[in-house]
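For reference, the structure discussed in these notes is given below.
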Amino acid sequence: MSENNDFLPIDGTDFVEFYVGNALQAAYYYITAFGFQPVAHAGLETGLQDRVSYVVQQDKIRFVLTSSLVQDSPVAEHNKLHGDGVKIVALWVDDAHKSFDETMLRGAKVYSEPKTERDEYGEIVTAGIYTYGETVHLFVERKNYKGPFRPGFVKWNPGYTQPRVGLKYVDHMVGNVGWNEMNVWAKFYQDLMGFKQIVSFDDKDISTEYTALMSKVMSNGNGRIKFPINEPAEGKKKSQVEEYLDFYNGAGVQHVAMATDNIIHTVSELHKRGVEFLRVPGTYYDTVIDRVGVIDEELLILKELGILVDRDDEGYLLQIFTKPVQDRPTLFYEIIQRKGAKSFGKGNFKALFEAIEDEQKRRGTL
Ligand code: FE2
């Protein structure tokens, strides 16, 4: 699709909002462990009665951590059902009304009608639709806004920061959906949002001796938004996608991939600050160069840090995955550095899923 006849042009990821049990402590985690900077805050002090939010940012990645202050609220309900997780994947658009109308016309389910909010910095227009599970896409039009985040929020300066670790933008965000639902949601992105399928993996591509899954990668017109959609596949044992669905009580965001220009620096810092990563067996590094050819990085350092490598026709990529970042084995992060490659690390799937199975075994959920 050319960008001209894209009925839903998207400039990028605007923010990712998490509903969590304790937003203040979650914000501290992202600041301390991942090097996000404090940006904005809303809560009792700004007139909210039922919830509190903290906004943190690193380069183009903006996270909002939100908790309920009351027993009964949509945030409390969400947290009770799903644990900590992604509620809103906000998409930055030039025209929120049009984005909403185009998707509603094609059958989207409304989350929030178009709404204009104003403060001394200007105005923001938002409108939201549901995607898989209880997850929401919020269209955010901020071309007439100059404030720190959005009306209703004030600048947040807790007097504490840590250096950034070099995370730059959201590369892709993966959704886990239920049995036989991958095609339903691939079609949702295609028909309602004008996305195209750029890759498809079947259970032969993504399987180990014990578990399997399938995946389709959907991309918007200009390629800035990429949403792989996973569903479980039959295997001898319970796959990581089923484990996710059990603990999350349904479909939701499985991982957020954040890009860096220097994965060795980024991952070294994250290690130092206590972020835990999945480890593949050391033997992975015995054959990796045969598979991917010459790379700029020193293999020993990659091995030490547990960074994986894969190559496609256009170049190579380096990637690593954290363990789940909350109590339930649900959401985790990927750190990725692309050196030409536009793919998702197919060559690493097997080693990776075996590493996840080891973790599942320890949790008793394999
Ligand atoms: Fe990924």
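The values are calculated or read from the model by the stated rules, or taken from the named source; none is laboratory data. Predicted model only: the values in this text are computed from it and were never measured. For neighbour counting, all protein chains shown are included, and Cβ atoms are generated from backbone atoms with ideal geometry for every residue, glycine included. Protein only, heavy atoms only, side chains kept; ligands, DNA and RNA dropped before computing areas. Shrake-Rupley method; radii C 1.70, N 1.55, O 1.52, S 1.80 Å.
Accessible area per residue for region 285-366 in Å², computed with a 1.4 Å probe and the full protein assembly in place, what is it? Before the final figure, lay out the partial values.
Numbers: 3760 Å² over 82 residues.
Accessible area per residue, region 285-366: 46 Å².
Give the ranking of 239, 68 by solvent-accessible surface, highest area first, calculated with a 1.4 Å probe. Spell out each step's value before the answer.
On the way: 239 0, 68 35 Å².
Putting 239, 68 in descending order of accessible area: 68, 239.
Given a cut-off of 21 Å, name the pairs among 87/342; 238/323; 237/342; 196/350 whose C-alpha atoms lie farther apart than that in the structure shown.
Details: 87/342 27 Å; 238/323 18 Å; 237/342 31 Å; 196/350 26 Å.
Cα-Cα > 21 Å for 87/342; 237/342; 196/350; rest within.
Taking a probe of 1.4 angstrom, what is the accessible area of residue 160 in Å², to the nearest 10?
Here the residue's solvent-accessible area equals roughly 70 Å².
Using a 1.4 angstrom probe on the protein heavy atoms only, line up 357, 181 by accessible area, largest first. Don't jump to the answer; show the numbers that get you there.
Details: 357 10, 181 70 Å².
Result, largest first: 181, 357.
For the chain, what is the mean residue ellipticity at 222 nm derived from helices alone (per DSSP H run of n ≥ 4: -39500 (n - 2.57); sum divided by total residues; nearest 500 deg cm²/dmol)? Numbers along the way, then the final one.
Working: 9 runs with 87 residues, N = 366.
Using -39500 (n - 2.57) per qualifying helix, the result is -7000 deg cm²/dmol.
Looking at region 280-321, which trypsin sites (Lys or Arg not before Pro) are DSSP coil and have at most 13 other C-beta atoms within 10 Å of their C-beta? Working shown, then result.
Working: sites: 291, 303, 311; in loops: none.
Hits after loop and neighbour filter: nothing returned.
Take the solvent-accessible surface of the protein heavy atoms, probe 1.4 Å, and return the percent of it on region 42-166 that carbon and sulfur atoms account for. If you can, show how the numbers build up before the last one.
On the way: 2990 of 6080 Å².
C and S atoms contribute 49 percent here.
Specify the angular offset, from 0 to 90 degrees and rounded to the nearest 10, of the alpha carbon long axis of helix 23-34 from the longest principal axis of the alpha carbons in the chain.
40
Which of the peptides 339-349, 243-253 is most tightly packed, and how do the rest follow, going by the mean number of other Cβ atoms within 10 Å of each residue?
Values: 339-349: 18.2, 243-253: 20.9.
Sorting 339-349, 243-253 by mean packing, highest first, produces 243-253, 339-349.
Compute, for the chain, the length of the dipole vector about the Cα centre, with Cβ point charges of +1 (Lys, Arg) and -1 (Asp, Glu) only. Units Debye, rounded to 20. Mind showing how you got there, number by number?
Details: 42 positive and 53 negative charges, 76 e Å.
With only Lys, Arg, Asp and Glu charged at Cβ, the dipole is about 360 debye.
With a 10 Å radius around each residue's Cβ, average the other Cβ atoms per peptide and rank 105-117, 323-335, highest first.
Most protected by this proxy first, the peptides run 323-335, 105-117.
What pairs in 236/272; 143/216; 80/109 have C-alpha atoms more than 28 Å from each other?
In this structure, 236/272; 143/216 lie more than 28 Å apart at Cα.
With the dipole of the chain worked out from charges on the C-beta (+1 for Lys and Arg, -1 for Asp and Glu) around the Cα centre, which of 356, 289, 39 lies farthest toward the positive end?
The Cα lying farthest towards the positive end belongs to 39.
Leaving out ligands, DNA and RNA but keeping every protein chain, what accessible area does residue 31 have, in Å² rounded to the nearest 10, with a 1.4 Å probe?
0
Output wanted: per-residue J couplings in Hz (rounded whole) for region 302-314, from phi through Karplus 6.51 cos²θ - 1.76 cosθ + 1.60, θ = phi - 60°, x for Gly and Pro.
Computed from phi, the couplings for region 302-314 are 4, 5, 4, 8, x, 7, 9, 10, 8, 10, 10, 4, 9 Hz.
Sequence neighbours fewer than 8 away in the same chain don't count; with that in mind, list the aspartates and glutamates whose C-alpha is under 14 Å from residue 115.
95, 101, 123, 141
Separation of region 113-177 and region 265-313 by C-alpha centroid, Å?
That distance is 33 Å.
Relative contact order for the chain: what is it in percent, counting Cα pairs under 8 Å that are at least 6 residues apart?
Across the chain, relative contact order equals 16 percent.
Please name which of 161, 183, 151 has its Cα lying farthest along the dipole of region 110-197 towards the positive end, using unit charges on Cβ (Lys, Arg +1; Asp, Glu -1) and the Cα centre as origin.
Most positive-ward Cα: 161.
Report in % the part of the accessible area of region 170-317 that belongs to carbon and sulfur, leaving out ligands and nucleic acids; probe 1.4 Å.
Numbers: 3060 of 6360 Å².
Reported share for carbon and sulfur atoms: 48 percent.
Roll a 1.4 Å probe over the protein chains and send me the accessible area per residue for region 3-155 in Å². It would help to have the intermediate numbers written out before the result.
Details: 6660 Å² over 153 residues.
Here the per-residue accessible area is 44 Å².
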